[in-house]
Amino acid sequence: MDEFLNRLPLDSFMEAPAAPRLVAIAVFFVILTCFWRGLTFKSRRRPWKSWPAANDIETRISDPVWQMQFVSAVEFEPQPLLNKREFQVLLLLEAVSRELNSGFRVMAQTSLGEILRPKSMWRQTDADLAYRSINSKRSDFVIVDRYGIVVLAVEYQGHGHYQGSAVQRDAVKREAFRSANVAFLEVPADFQKAEVRRVVRQILERSKSAEPRRRQKTAD
């Protein structure tokens, strides 16, 4: 601040005529006010954090210490789990599950790694690679039986579904569920409720008859 004031030609103000001198004094105070406000604004700003370089982000994002810094740097807010059309599918699936009264439950946005796993007969390396390939993927809806075993996976193919690598991701999901002998139902954007209800009910009734075998496998 002192250095700033020393740079101002104050002596020249006193030597100037009255009218120009008043203008110069007014300009001086305007400059001084702007300078002071700038210092105040800087003192109120949040301290700047030095983030890692872009090529280090991928390695540090798995570090809980860095995760805490990343998370604390922003504020979060809730968001809807499903959009309106997806919610309609959820209500339909829940209605069919209740009608059968057999202990079926509907789950939304479920990680495949939580409901599927490679059989123990495979080499550990192959099993790990296969598991990692599905672990980050989610199913829009799954229906589990009374023992918590998934019996049906439902994918809602909305109007904005087929973007990027969606086709390839769907193929991976489809193959994983096929391998696990789990029914996989794809619901189009312009679905008919009666038709979806009929197919879901048929799958669940068939699953109900196979429940003793699934229970035996779970016990094993």
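The values are calculated or read from the model by the stated rules, or taken from the named source; none is laboratory data. Just so it is clear, the model here is predicted, and its values are computed rather than measured. Reconstructed Cβ throughout: ideal geometry from the backbone, glycine too, with neighbour counts over all protein chains shown.
Structure data summary
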read-out	value
Scan of segment 88-110 for residues that are buried (at least 17 other Cβ atoms within 10 Å of the Cβ) and either modelled with pLDDT under 95 or part of a helix (DSSP H, G or I) (or both), ordered by number	89, 90, 92, 93, 96, 97
Helices (runs of 4 or more DSSP H) wholly inside segment 160-220 that include at least 3 residues being within 30 Å of residue 101 (Cβ to Cβ), at pLDDT below 95 and not basic (Lys, Arg)	211-219
Cβ-Cβ under 7 Å pairs, at least 6 apart or on other chains, segment 83-107 side within 19 Å of residue 188 (Cα to Cα), far side part of a helix (DSSP H, G or I) and of a type in the set (Val, Ile, Thr)	92/196; 93/200; 96/200
Hits in segment 111-129 (condition: of a type in the set (A, V, I, L, M, F, W, C) and surrounded by 18 or more Cβ atoms within 10 Å (Cβ to Cβ))	112, 115, 116
Test: residue 140 is more than 26 Å from residue 192 (Cβ to Cβ), surrounded by 12 or more Cβ atoms within 10 Å (Cβ to Cβ) and either touching a residue at least 60 places away in the same chain (Cβ under 8 Å) or assigned by TED's automatic domain parsing to the domain that holds residue 211 (or both)	no
